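Heads up: the structure comes next, in structure tokens.
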Ligand SMILES: CC(C)(COP(=O)(O)OP(=O)(O)OC[C@H]1O[C@@H](n2cnc3c(N)ncnc32)[C@H](O)[C@@H]1OP(=O)(O)O)[C@@H](O)C(=O)NCCC(=O)NCCS
């Protein structure tokens, strides 16, 4: 976890420590399983270097029978010295491929509305999905979903409940 924590702290200068704790907690949290946890590496002077990290954890629909398969993305980060080289995008696509192969229906996130649409995410509220904690109206488009199984977004709707470790208001601020 040391190298991943370093990337997280560098990428999130303000809330790095909180996000490091979140990742540690999610990895141990039974309600978050299964997770997809991937690092991006580059060959550096001293060998392979971790420069990016992505984590998807399990989620579900409130009041549902949990037959649906839903995941939540948090966090995604790339070390500032390696940003804008396509690493973040590659982490998203690699993780999504694995999730789709595991028959996941939908992937959700709260994130930059100008970044994630290029990776197939679109506003989730308009499609009938309510975030675990309310998102202010001005940030409504930051609550996004990507359909992994065709038709899943149309056949499902409701409030998305995330894993216990992520189920804290402090993790739901844009
Ligand atoms: C967001 C982040 C993961 C993107 O990773 P990356 O490897 O730099 O992304 P890519 O190289 O795949 O894509 C780069 C593009 O994303 C854009 N981008 C990066 N951060 C952005 C942001 N906050 N809002 C909108 N666009 C953003 C870049 O401007 C660039 O756009 P361009 O291709 O038009 O030039 C990375 O910038 C990061 O770690 N940021 C700090 C942590 C963070 O905010 N994580 C996301 C929380 S939702």
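The values are calculated or read from the model by the stated rules, or taken from the named source; none is laboratory data. Please read these numbers as outputs of a predicted model, since none were measured by experiment. Virtual Cβ from ideal backbone geometry, glycine too; neighbours counted across all protein chains shown.
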- Tell me which residues, restricted to region 37-68, are in contact (Cβ under 8 Å) with a residue 24 or more places away in the chain and under 18 Å from residue 164 (Cβ atoms). 55, 56, 57, 58, 59, 60, 61, 62, 63, 64
- Message: Condition first: over 16 Å from residue 85 (Cβ atoms) and surrounded by 13 or more Cβ atoms within 10 Å (Cβ to Cβ). Now tell me which residues in region 33-53 satisfy that.
- Response: 34, 35, 36, 37, 38
- Task: For region 105-119, name all the residues that are under 17 Å from residue 166 (Cβ atoms) and within 14 Å of the ligand (Cβ to nearest atom).
- Result: 107, 108, 109, 110, 111
- Item | region 81-104, residues that are within 9 Å of the ligand (Cβ to nearest atom) and surrounded by 13 or more Cβ atoms within 10 Å (Cβ to Cβ) | 82, 83, 85, 87, 88, 89, 90, 91, 92
- Query: Can you name the condition, by its number, that residue 71 falls short on among (1) in contact with a strand residue (DSSP E or B) (Cβ under 9 Å, 6 or more places away or on another chain); (2) over 18 Å from residue 4 (Cβ atoms); (3) surrounded by fewer than 20 Cβ atoms within 10 Å (Cβ to Cβ); (4) modelled with pLDDT of 95 or more?
  - Reply: (3)
- Message: I'd like to verify a number: residues in region 105-119 that are in a helix (DSSP H, G or I), surrounded by 13 or more Cβ atoms within 10 Å (Cβ to Cβ) and out of contact with any helix residue (DSSP H, G or I) (no Cβ under 7 Å at 6 or more places or on another chain), how many?
- Response: 2
- Query: When both residues are 6+ apart or on different chains and their Cβ atoms are under 6 Å apart, which pairs have a first residue that lies in region 82-102 and is closer than 18 Å to residue 145 by Cα, and a second that is assigned to a helix (DSSP H, G or I) and within 13 Å of the ligand (Cβ to nearest atom)?
  - Reply: 92/119
- Kindly indicate the residue of region 120-132 that is within 16 Å of the ligand (Cβ to nearest atom) and crowded, with 17+ Cβ neighbours inside 10 Å and also nearest to residue 155 (Cα to Cα) among those meeting that condition. 124
